[in-house]
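The structure appears below as structure tokens.
Bear in mind that the values in this text are calculations on the coordinates, not laboratory data. The structure displayed is predicted, hence computed values, not measured ones. Don't worry about glycine lacking a Cβ; one is built from the backbone with ideal geometry, like all the others, and counts go over all protein chains shown.
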Amino acid sequence: MRKSSLRRACAAVAAVASLSLAATACGGTTKNDVEESGGGATAPTGRADPHAPLKKGLTVGFLPKQVNNPYFTSADKGGQKALTELGSAYKEVGPNSATDTSGQVSYVNTLTQQQVDAMAVSAQDPGALCTALKQAMSNGIKVVTYDSDTKPECRNAFVSQAGAEDLGRTEVQLLAEQIGYKGEIAILSAAQTATNQNTWIGYMKDELKDPKYKNVKLVKVAYGNDDAQQSFQQTQGLLQQYPDLKGIIAPTTVGIKAAAQYLSGSRYKGKVKLTGLGTPNDMRRYIKNGTVDAFELWDPARLGELAARTAVALASGQITGKAGETFEAGAMGTFTLGEDGVISLGKPTVFDAGNIDRFDF
Amino acid sequence: MPDPLSRAIRWDTVVGALLLVLLLLSFSFVDGFGNALNLSFLIGNTLPIAMIALPMTLLVVAGEIDLSVASTAGLSGAVLGRLWNEGMAIETIIPLCLLLGVVCGLVNGLLVTRLGLPSLAVTIGTLAAYRGIAQIVLGADAVTDFPAQYLDFAAGRIGNTFLPRAFVPYLVLLAIAVLVLHATPFGRSLFAVGAGEEAARFAGIRVKRARLLLFTATGFMAALTGVFWALHYASARYDNATGLELSVVAAVLLGGVDFDGGRGTLGGAVAGVFLLGALGNVMSLLSVSAQSQIVVTGVLLVVSVLGPRVARRISVARAGRRAASTPAPSLASPS
């Protein structure tokens, strides 16, 4: 008896304590306070000298989202090739999993500790790397993001694989043409948090608002987490869930390959159209056997190369990351920095039976 | 075991010594290891594991385990992000997140103690459930715009020293955990509970209540870790801290806490945590590939399960040789 009243008293005290805590906290810091206090992008410091000589003997660290991912292997090889050509050293570090954010942070810290001259980073998360990247920059290290960006104030420049808008819209255009502008479609994406994927999907949805797609209906966005098995199962699930599905867009190289693998072995082969972002070497057999009509991609090796050349241009002082600055990227030509230090690689290439044999990556 | 040699051969002492050796070697031979910035990175990245390891040690000593801690941390971070987006004050959100952690822990504890289910099964279930709820709460968003003073606290260091600011509160939590486990009747009863539930019950220990309390404390610490994680990495996402439970369990086992319960010290567990953390840091500085790092960690884990058993065999054999007539050493308190 006495014990239970004691327990009740304890509960009451706890309730009162938490209530008063909540009440006193009402005057606390909210999202609005943070927005009011500003905290916008800090402008890059220093002045660019486009005629500064390119420095040699630099070390540039590449930090992809995931080290054993064929896409990043290809991109980073492009970076390695460019750095060798420029007389600088290349190194690659990175986590084994594309969702190991804390792992990526500790690799940024490692590169900072090893005092590389610049790093090229494909961010798993727009915010998580910020503190570490800012620390790197304050230690004099130039930071380029490629493939997937962080917040603009956390890096010097971002090398974009192609305008996000171009990619999103052209994928819808490709698929709509293949299904005759009619029927249910679905998207098979990578991780639900992937910055680039979500931006593209945003543009896809916007493109679908055009009246010419009035008979095209997006029924679902599925997530395969850039894992072959999961993407395979998600494709299977989509087709079971939506028997009338006419087409799938997979804006991820792992996803499109797994989806093509499933379709080519099923009765949907040739009937359900598949397009998205894939590599020619992955997709060649599915183009040849009629599973896939056309897909698109930028050349990841060129993306890596541009990231490397941007890093060296930054470290040499030719650019600082301000909009309007220009630099020579070897045989790739001249590039101009856009708003927020974004450098665009150019329009994506469409691969089909007619041209796929001309590419090898 | 008052004999100094037996003490030296105890696994947690071995792990502590290994940590010291690793630190000394790294200071002398690894470029970039010894400076304040790197040490603060090392400690900061290890803190989430170190935080959850405190209640986890108590739980494992009592013969239970909680695999849902990383999901609870993820859920706590997701709620933090969602409520922040809704415009609530962070000073209100944080206590709410901690309360949520207590609820998560209570659910685990009640399922284990009231329904008598094994904690491994229960917490594998809630591991999936809590993560799922986190995804429902926050979806694909990554919330990053938390107030600067909170981010600075979670990621900054004290002046130019190697100590992260969040390390001081951690030391307080550590002291509390050590006192509870090694200096209170409650703590000592946990060893008895882990060694033999029946015996403990006949000795008058309220086994179920102790376990319920431990699960609740674990949920609370997991939620606190979730808040710390979100602020440390300036990113609240539903998949924060994925896989952290394995790091915690690995570190605790490496520290010589017996998976079957009844044995272990917090000193050993904390040494295990920082040994794994320091090893990861050093391997990264030496540019050991991520794949090889996983292999090293895996091998260490196997050693950590074998090591204490071997160490115990040796010490039991020594004791047996010394005094064949006296019974085997007590199961409980090593202090």
Over chain A, relative contact order from alpha-carbon pairs under 8 Å, at least 6 apart, %:
20
Relative contact order, percent, the range A:164-297 [alpha-carbon distance under 8 Å, six or more residues apart]
27
Anyone know which of A:93, A:105, A:219 comes out most mobile in the 10 Å Cα GNM of chain A?
A:219
Taking a ≥ b ≥ c as the square roots of the eigenvalues of the Cα gyration tensor of the range A:164-297, is the shape rounded (a/c under 1.5), prolate (a/b larger than b/c) or oblate?
rounded
Within chain A, the percent of DSSP beta bridges that are antiparallel, given to the nearest 5, stands at 15
Per the helix-only model, chain A has a calculated mean residue ellipticity at 222 nm (DSSP H runs of ≥4, -39500 (n - 2.57) each, divided over all residues, rounded to the nearest 500) of -13000 deg cm²/dmol
With eigenvalues of the C-alpha gyration tensor scaled by 5 and rooted, chain A, Å
37, 34, 19
Test of the criteria: in the range A:223-321, which trypsin sites (Lys or Arg not before Pro) are in a DSSP loop and have at most 15 other Cβ atoms within 10 angstrom of their Cβ?
A:267, A:271
What does the convex hull of the alpha-carbon atoms of the range B:58-117 project to on average, in nm²?
4.6
Hey, what's the Cα Rg ratio for chain B versus the globular rule of thumb, 2.2 N^0.38 Å?
1.02
Angle check, please: helix B:290-322 long axis (alpha carbons) against the longest principal axis of chain B (alpha carbons), in degrees 0 to 90, nearest 10.
30
Over chain B, what is the relative contact order in whole percent, taking alpha-carbon pairs under 8 Å and six or more residues apart?
34
Taking a 30 Å limit on the Cα-Cα distance, which of the listed pairs A:205/A:257; A:182/A:347; A:91/A:347; A:77/A:246; A:81/A:205; A:246/A:288 fall beyond it?
A:77/A:246; A:81/A:205
For the protein assembly as shown, percent of DSSP beta bridges that are antiparallel (nearest 5) comes out at 20
Direction-averaged shadow area of the convex hull around the Cα atoms of the protein assembly as shown, nm²?
35.6
So, R0 is 60 Å and r is the distance between the beta-carbons of residue B:121 and residue A:51; what FRET efficiency does that work out to, to 0.05?
0.30
Taking each residue of A:116-128 in turn, how many C-beta atoms of other protein chains fall within 10 Å of its C-beta, and what is the average?
3
With the convex hull built on the Cα atoms of the range B:231-313, state its orientation-averaged projected area in nm².
6.9
